[in-house]
Structure formats: C-alpha cells, structure tokens
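To start, the structure under review is shown below, and the notes come after it.
The values are calculated or read from the model by the stated rules, or taken from the named source; none is laboratory data. Just so it is clear, the structure is predicted and the values come from calculations on it, not from any experiment. Neighbour counts are summed over all protein chains in view; Cβ atoms, including those assigned to glycine, are modelled from backbone coordinates with ideal geometry. Areas reflect the complete protein model, heavy atoms only, side chains present, ligands, DNA and RNA absent. Shrake-Rupley method; radii C 1.70, N 1.55, O 1.52, S 1.80 Å.
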Amino acid sequence: LILFFIPLFTRNLTYETVPFVLLFITGFLFYYNLDFLIFVLYIAILIVADILIFLNYKTKCNKNFMSKIKEQNMYDVIKLISKIRWLGHDYDKDKSSSIIPDSTVRNSGLFLTYNIRYIDDEFQGTYKNVPFEISETKMYNHTNSSKSESKTKIFQGVLIKFKINKNVKDRTIVSTKRNFTKQSEYWFTLLFFSMLEIFFIFGLPFSLKDPTFPLICKIIMPIFIVCAPIIMFKAYKKQKETFKKINLEDADFGKIFDVYSTDQVEARYLLTPTFMERFKNIQTSFGAKILKCSFYDDNFMVAITTDKNLFEIGSLFKSFNDSKIITQFYYELNSILQMVEYFKLDEKTGL
C-alpha cells in the first residue's frame with residue numbers, strides 16, 4: 001500500500017507503476033485467503049486510483065503538447081490577421097502582464113484585492129485604428145498565516161482593454177448582479193467593523209469584571225468602541241462619494257447588471273440603449289458566467305469570466321486534419337475584435 005500511495009503524494013512516479021502494485025496486492029490477498037468483499041474493495045479502490053492517475057497524466061501530456069504547438073505555429077496562424085502579435089503564455093507561473101499591468105487592472109475598479117496573477121495567452125494590436133490588448137488571466141487572493149492558509153479565486157477568464165476615442169472624465173462600471181467589484185470593499189469594511197463593534201460592546205462589561213483579562217485589552221476595547229463608528233462613517237462616506245448606483249431605463253438590463261458611476265450624467269451618455277442591448281448579447285455569445293466592463297480615462301476594459309481554455313490551436317486528442325479547433329480560435333479572437341465595431345469604439349460620438 002505504501003508503494004501504491006507514493007505516486008499520489010509525490011507525483012514523481014507515473015501511472016505505469018500502479019498495475020504492478022495492483023498485481024502485488026491481488027497476489028497478497030489470494031495467498032492469505034482474505035474475505036472476498038475486502039478483496040473486491042481493494043481492487044475497486046486501486047482501479048479507480050489508476051484511472052485518476054492516468055487522467056492526470058494524460059492532461060499533463062496534452063498541456064505540454066498544446067504549449068509546443070503554440071510555440072511552433074502561433075506566429076504563422078496570427079500572420080493572417082494584420083496588426084496583431086502574440087506575447088506567449090505560461091499559466092503555471094505567478095507573474096504580471098506586460099500589456100495589461102496590475103496597476104491598470106486595479107484602476108479599472110472591476111475586481112476585489114488580489115495578490116497572485118497567472119497569465120496565459122496574450123495578444124496586442126490595432127483594429128480599425130483602435131489599439132487593444134487581450135490577456136487570458138487568473139487572479140487569486142492568497143492569505144498565509146502561521147495557523148492557516150487560503151487561496152480565493154477572484155477572476156478566471158479574459159481581460160480586454162481598448163483605447164477609445166472618447167473623453168471619459170470619471171469612472172463607470174457595469175457588472176453582472178451579485179458579483180463583487182472594487183466598490184464592494186467599502187461595504188466589507190463596514191460589515192467587519194460593525195461586527196467587531198457589536199462584539200466589543202457586549203463583551204466590555206464582562207471583560208472589565210474579569211481579573212484575568214489582560215489590562216491592555218481593557219484599555220483598547222473602549223477606545224475601539226469610540227473609534228470604530230468614525231471609521232465606519234468614513235468608509236460609508238467614501239463609498240458614497242466614489243460610486244453611486246445608477247438606475248437606467250432598460251428594465252431587462254437592470255435585472256442582469258448593476259451599474260455604478262462617479263458621474264451619473266456621463267454614465268447615461270456612455271450606456272446608451274444600443275450599448276446595453278449589445279452588452280447583453282456579448283454575455284450570451286461568449287457563454288460568460290459573469291461579464292463586467294469599466295470606462296475610465298481613455299480606456300474601455302471588458303472582463304469575461306469563463307472556465308473555458310481559450311485561444312488553443314491544437315490538441316493531442318484531435319486530428320490536425322480537423323479544422324474545427326483552428327476555426328474556433330479565429331472565432332474567439334474575431335469576436336473580441338468585432339467589439340470595436342459592435343460598440344463603435346472608433347467613433348468620437350456616443351456609443
């Protein structure tokens with residue numbers, strides 16, 4: 001059994017070792033005439049484990065194969081699309097993007113705080129005289145302490161940033177309902193300090209009467225009770241000053257998306273009925289779980305959340321004579337480029 005479990009934990013041995021261990025266990029059980037049901041249980045566990053190890057090995061091989069295919073052929077594939085270049089991929093390493101840096105992502109206001117980012121395929125170019133960047137991205141918030149460690153996924157999908165010919169003075173965010181954006185962090189601050197305030201208020205009488213309770217805590221608790229409401233008020237005021245929820249005329253759009261802006265007039269100028277209808281169609285065409293966008297400075301950033309591995313041009317399990325995978329690649333890329341025309345980003349008038 002020890003020999004069998006080594007591959008599961010070390011991953012240094014491949015799935016080929018498991019059948020030999022399976023034969024060893026089978027012979028062992030036969031020799032000692034163990035109960036038939038126990039024998040069947042062991043065999044079933046080993047077979048399932050063998051299948052899982054094989055699938056993991058197969059996935060790893062396919063990933064390496066797809067990576068090699070991209071390195072050798074991606075530049076020839078995108079040559080057919082003028083004014084675009086591929087900047088490589090590497091989903092296994094924590095790194096920032098060279099075309100959509102973390103500072104730009106944070107300025108968009110689309111996401112909560114994150115500290116780990118993985119980059120896969122990235123593209124950069126110009127379409128209809130509109131510069132664009134595409135970054136297939138995963139983002140996590142990783143917390144690590146002496147007692148616990150957690151890794152929360154903030155985003156997985158594709159980020160698309162366009163330079164637009166419009167003068168955007170403030171910031172407007174559109175997000176699928178019940179999805180957190182930067183403005184949500186102010187509410188988290190309010191909730192956190194509210195819970196602490198309640199805990200300290202009810203706990204203060206007991207702590208003051210308890211002689212074993214640390215003196216420093218007895219001093220800090222009253223100070224916190226006085227200061228916490230001030231902090232909560234400032235957080236609430238900051239939230240109100242930073243973003244205001246906008247109610248638009250399209251009722252169907254309002255059922256799917258939340259709109260926040262620092263300037264209600266500009267938000268209504270940007271989010272025309274035509275834009276709202278087309279934005280709903282983008283979510284449908286990409287099959288996106290969550291769709292968000294942000295207007296800020298001279299940028300229009302779209303974040304499409306999807307579990308699909310986009311922009312692949314080959315697979316170990318598909319024939320090279322099958323053109324579907326290349327067709328799918330061009331469809332995915334072209335769908336993004338068509339946003340320039342779809343949202344009229346090249347025009348200086350309203351959307």
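With respect to the conditions (1) of a type in the set (Asp, Glu); (2) at pLDDT 85 or above; (3) closer than 25 Å to ASP76 by Cβ, ASP322 lacks only one, and its number is (2).
Restricting attention to region 152-163, the residues that are open to solvent by 10 Å² or more (accessible area, probe 1.4 Å) and under 23 Å from ASP297 (Cα atoms) total 2. Just the residues that are surrounded by fewer than 21 Cβ atoms within 10 Å (Cβ to Cβ), modelled with pLDDT of 85 or more and under 23 Å from ASP307 (Cβ atoms), please, taken from region 118-149. Matches in region 118-149: TYR118, ASP120, LYS138, TYR140, ASN141. Being within 22 Å of LYS245 (Cα to Cα), crowded, with 20+ Cβ neighbours inside 10 Å and out of contact with any Ser or Thr (no Cβ under 9 Å at 6 or more places or on another chain) is a property that holds for PHE279. When restricted to residues that are over 20 Å from the mean Cα position of the chain (by Cα) and not polar (S, T, N, Q), region 133-160 contains 1. Tell me, yes or no, whether region 53-61 has at least one residue that is open to solvent by less than 80 Å² (accessible area, probe 1.4 Å), at pLDDT 75 or above and closer than 27 Å to ASN129 by Cα. Within region 53-61, none of the residues are open to solvent by less than 80 Å² (accessible area, probe 1.4 Å), at pLDDT 75 or above and closer than 27 Å to ASN129 by Cα. Among the residues of region 252-303, those identified as under 22 Å from ILE134 (Cα atoms), modelled with pLDDT of 85 or more and either in contact with a His (Cβ under 9 Å, 6 or more places away or on another chain) or small (Gly, Ala, Ser) (or both) are SER294, ALA303.
Residue under question is TYR75, and the condition is that it be out of contact with any helix residue (DSSP H, G or I) (no Cβ under 8 Å at 6 or more places or on another chain) and either open to solvent by less than 40 Å² (accessible area, probe 1.4 Å) or β-branched (Val, Ile, Thr) (or both); does it hold? In short, no.
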